[in-house]
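Please treat every number below as a calculation from the coordinates, not as lab data. What you see is a predicted model, and the numbers here were worked out from it, not measured in a lab. As a convention, Cβ positions derive from the backbone with ideal geometry for all residues, glycine included, and neighbour counts pool all protein chains shown.
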Amino acid sequence: MQVEAVEPNVDADTLLPGSQFIDAYSVASHDATLDARHAAIRMIEHGPPWIDALMALRNVIVAPFGLKTPGPGNSIASNNIGVFPVLSETPDRIVAGFDDIHLDFRIVVDVGAPGRRVTATTLVRTHNWLGRSYLATIIPFHRLVVRSMLRRLAD
């Protein structure tokens with residue numbers, strides 16, 4: 001199954017007013033029982049090891065700047081998916097993310113017909129030069145990471 005870049009289909013003004021970056025990727029899943037929470041868990045908590053290594057490197061690099069370096073969460077015991085706090089949830093959509101001093105972000109995972117299509121939408125609002133610099137630096141990695149995470153749902 002191929003992961004496709006798609007036009008974001010979310011209300012950005014409601015999810016993250018003033019967001020300056022938004023993108024979306026989508027893939028078909030053969031799992032007819034898949035809901036948004038389980039899709040997000042499979043994407044985020046059970047991703048390829050190279051993504052965990054990138055996140056660990058990111059945490060080491062940004063810690064001196066006072067940026068959040070969250071520890072692993074437990075999606076069952078807490079209201080997190082991996083390190084991301086869940087902000088809202090329905091069976092077909094989960095919104096996770098957090099606000100930081102340099103930028104705020106949201107990840108939206110939508111699961112719907114036809115064919116149990118899963119779409120991951122990312123929204124970012126930067127606050128300062130550090131946020132803008134960080135966003136510009138991670139965008140190429142972001143695209144690789146999201147595509148790889150979505151491929152896990154097509155397997």
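Figures for the structure shown
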{"read-out": "Shape category assigned to the stretch 83-155 from the gyration tensor of Cα positions, a/c cut at 1.5", "value": "oblate"}
{"read-out": "Per-peptide average of other Cβ atoms within 10 Å, ordering 18-28, 99-109 highest first", "value": "99-109, 18-28"}
{"read-out": "Net length gained if the chain between VAL6 and ASP99 were fully extended (0.36 nm per residue, minus Cα distance)", "value": "31.0 nm"}
